[in-house]
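The values are calculated or read from the model by the stated rules, or taken from the named source; none is laboratory data. Please read these numbers as outputs of a predicted model, since none were measured by experiment. Every residue, glycine as well, gets a Cβ built from its backbone with ideal geometry; the counts of neighbours run over all protein chains shown.
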Amino acid sequence: MLISRRTLCVGTSALTLASTLSIPKLARATAPFAQPPLPYDQGALSPVISATTVGLHYGKHHSAYFKNLNSLVLGTQYETLPLEEVVKATASSNGATSKIFNNAAQAWNHNLYWEQFTPGGDDRPSGRVSSELESTFGGWDGFVKEALTTSDNVFGTGWVWLTRGDEGQLKLVGYEDANNPMVFGKPAYLGIDLWEHAYYLDYTNRKADHIRATLEKIVNWNIVAKRMGV
Ligand SMILES: [Fe+2]
């Protein structure tokens, strides 16, 4: 088949024009938020959290929050903001941006979640973290007991967070759904996921066993100390 000069010219011009015009569109079509890589192997937290649970939790649920978020923010004022700013900007919008908030907050919550664990387990916290747990909760056992009580007070899905109270002391809070301390202007030092996808395959309805094992065996307390700035 012969291609005429006119066809070639039209085609070339169209390609040039499309190329020129498509640059900003292609830029906008790039997903603005990327899920961080899992900082260890999928089975590294086993047996506290199995490879199957990590695979589904990180590979399906966490991934879906990013996928949904990237779809929801395209063409909005949020697509160029840092993830933290999207969470804060959409937190109290009377429902107008609740879908964006839910996915942005869950993306951010899980970023902290995966980062705070260590393969093979960790010792109890030491130094300033330990002394603050002592002064606030009366020690390790009191801290774990308070975490379990706080989780019981969350009806349905949500998170338990180690944060600070208004007086500056450490504090455990429970929030439903995707809410986190950052929404309330507070730091997030440690987040325990209470959604069933975090534990049900491994522990069925024994949520307390999952929380206790997580706190006692796989939290990287150096990460918590770093978040506390101590
Ligand atoms: Fe989760």
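Identify all residues within region 175-197 that are surrounded by 16 or more Cβ atoms within 10 Å (Cβ to Cβ) and near the ligand (Cβ under 9 Å from one of its atoms); write none if there are none.
Asp193, Leu194, Trp195
What pairs can you find where one residue is in region 55-78 and in the same structural domain as Thr90 (by TED's automatic domain parsing) and farther than 17 Å from Pro32 by Cβ, the other is within 16 Å of the ligand (Cβ to nearest atom) and not in a helix (DSSP H, G or I), and their Cβ atoms are less than 7 Å apart, with a gap of 6+ or different chains?
What qualifies is Gly55/Gln42; Tyr58/Leu38.
Which of the residues belonging to region 130-155 are β-branched (Val, Ile, Thr) and not in a loop (DSSP other than H, G, I, E, B)? Walk me through how you get there before you give the answer.
Taking region 130-155 as the starting set, the residues that turn out to be β-branched (Val, Ile, Thr) are 136, 144, 149-150, 154.
Once the filter is applied, which keeps residues that are β-branched (Val, Ile, Thr) and not in a loop (DSSP other than H, G, I, E, B), region 130-155 yields Thr136, Val144, Thr149, Thr150.
Which of the residues belonging to region 131-148 are surrounded by fewer than 17 Cβ atoms within 10 Å (Cβ to Cβ) and over 27 Å from Asn205 (Cβ atoms)?
Hits for region 131-148 are Ser131, Glu134, Ser135, Gly138, Gly139.
Tell me which residues, restricted to region 36-73, are touching a helix residue (DSSP H, G or I) at 6+ places or on another chain (Cβ under 8 Å), away from the ligand (no atom under 15 Å from the Cβ) and under 14 Å from Asn102 (Cβ atoms).
Leu72, Val73
Residues of region 102-136 being touching a residue at least 40 places away in the same chain (Cβ under 8 Å), more than 16 Å from the ligand (Cβ to nearest atom) and of a type outside the set (Asp, Glu), which ones?
Once the filter is applied, which keeps residues that are touching a residue at least 40 places away in the same chain (Cβ under 8 Å), more than 16 Å from the ligand (Cβ to nearest atom) and of a type outside the set (Asp, Glu), region 102-136 yields Thr118, Pro119, Gly120, Gly121, Arg124, Pro125, Ser126, Gly127, Arg128, Val129.
Would you pick out the residues in region 209-230 that are among the hydrophobic types (A, V, I, L, M, F, W, C), touching an Asp or Glu at 6+ places or on another chain (Cβ under 8 Å) and within 22 Å of Asn153 (Cβ to Cβ)?
Val219 - this is the single residue of region 209-230 that is among the hydrophobic types (A, V, I, L, M, F, W, C), touching an Asp or Glu at 6+ places or on another chain (Cβ under 8 Å) and within 22 Å of Asn153 (Cβ to Cβ).
If a residue has to be under 19 Å from Asn103 (Cα atoms) and without any contact (Cβ under 8 Å) to a residue 60 or more places away in the chain to count, how many in region 172-184 make the cut? Walk me through it before giving the result.
Restricting attention to region 172-184, the residues satisfying the condition of being under 19 Å from Asn103 (Cα atoms) are 174-184.
Filter once more, keeping what is without any contact (Cβ under 8 Å) to a residue 60 or more places away in the chain: 174-176, 181, 184.
Count: 5.
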